[in-house]
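Undergrad: For reference, the structure I am asking about is given below.
The values are calculated or read from the model by the stated rules, or taken from the named source; none is laboratory data. Quantities reported herein were computed from a predicted structural model and do not represent experimental measurements. Please note: Cβ atoms are built from the backbone with ideal geometry, for glycine as well, and neighbour counts cover all protein chains shown. Heads up: the accessible areas ignore ligands, DNA and RNA and are worked out on the full protein's heavy atoms, side chains in. Shrake-Rupley method; radii C 1.70, N 1.55, O 1.52, S 1.80 Å.
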Amino acid sequence: MEWIALQHALLSHLPVATGLLLPWALLASQRPGRGIRPWWTVARYLGWAGILGTLGAFLSGFAKGRVSALPPVQHLLTALFSGSSGADVLLFRHLVLGVASLLVGIAALWAMNRHRKDHESLGFLALVLGLAWCAVLLVAGEGGYRLAHQGPGAPGTKPPVSSTPGASTPSVLWVVRDPDADRPVRALDYASLEPIGPDPVRSQAHGGRWIRAWASPETAAAYRAGEPLPQGAFVVLSSAEDRWGRPGNDPGPLYALELKASGPALTFYWPRVPMNNRREFGGDSRVYWRGSDAHLEACRACHASGMADPAKRSRWRPKRVVPEE
Ligand code: HEC
């Protein structure tokens, strides 16, 4: 689902290109007379390419809506009629245009593929429906571009400053400016931290998974030595599920600890919970706990003051090899 959703921006370029190219082929194919057939073919080819692209954009668009948990249609409708926030209206318009582009596109393709006599033009109906389709495609594409690039919360743009008191509250879509809102961005980049120990070790404290610890470079030495960590310290455990006593292929959750000014902050993130483990998480396929999430209460039994008691650590060092005599 996520993979399909990520293709939305890419797939949307094909229908937009169709919107730009098809009008000329349609106009050219309006001339009656012999020798016009190649222009029918061009128009039909662009039509098929366009409808496939529209279908791809349509499906990936819905996947994107699901994955990024966009507000449901009812919410958008109420937003529309209560005359509120720009982003919701933009999104709703994009949704309507997306559906329309598919319907008008099918009609236009039908009109373009009707049987014609050799000397006839492609027909006025094909022209009208085709141009209408192109218009919808271009407007939908432009709206999508604005949603992706110029939304008030998009990178590189300033958040809107509401000057009028009592102005409508900004949309739920754009309020989220916390970079970690969707995923723990820094913890995911754990490979850029310093690895503690060369191999995964099995940690009973963390579900019997195989873990590797990664510490921010300036705190790695203190962490290794089991000394109290300074403020700002950041430690991540990457993990793998156990499989017959070895680290398995399924990536396990990420565990992170950051010593913030406000105290230790724990994070638990498992973007894709394997089927067999979902029951532990109420059936969820994705788990992300952070901050004051009540689920992290269990962690605090051992992490009340941040770092767990170094004496309780699983064995970091690999087995000592006994030198041969
Ligand atoms: C039974 C005690 C226990 C519980 C419960 C526990 N941990 Fe740990 N944690 C440890 C120990 C011990 C270590 C040291 C690494 C190891 O050997 O497992 C550790 C290490 C960590 C580290 C690396 C920093 C450090 O303190 O060494 C993080 C991050 C972490 N745990 C997060 C969590 C999170 C999040 C939870 C809850 C989902 C959790 N832990 C639950 C005992 C526990």
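Undergrad: In what order, largest first, do Met307, Met112 sit by accessible area if the probe radius is 1.4 Å?
TA: Output order, biggest surface exposure first: Met307, Met112.
Undergrad: Just the number please: accessible area per residue for region 219-274, 1.4 Å probe, all protein chains included, in Å².
TA: Values: 2820 Å² over 56 residues.
Spelled out: the 1.4 Å probe surface of region 219-274, per residue, equals 50 Å².
Undergrad: If you don't mind, another one. Taking the Cα centre of each part, how many Å lie between region 272-305 and region 183-254?
TA: If we compute the Cα centre of each part, the gap is 17 Å.
Undergrad: Kindly give Rg over Rh for region 185-312, based on alpha-carbon atoms, with the Kirkwood expression for the hydrodynamic radius.
TA: 0.94
Undergrad: Okay, next question. Can you sort Ser239, Ser292 by 1.4 Å-probe accessible area, starting with the largest?
TA: Largest accessible area first, the residues go Ser292, Ser239.
Undergrad: Take the alpha carbon atoms of region 211-254, find their radius of gyration, then divide it by 2.2 N^0.38 Å using N residues; give the quotient.
TA: 1.42
Undergrad: Could you tell me the relative contact order of region 185-312? Use alpha-carbon pairs under 8 Å, at least six residues apart, and round to a whole percent.
TA: Relative contact order here is 16 percent.
Undergrad: When only the heavy atoms of the protein chains count and the probe is 1.4 Å, how do Arg116, Arg186 rank by accessible area, highest first?
TA: Arg186, Arg116
Undergrad: Can you give me the distance in nm between label points at Arg34 and Phe281, each placed 7 Å from the Cα along the Cα-to-Cβ direction?
TA: Result for the modelled spin labels: 7.0 nm.
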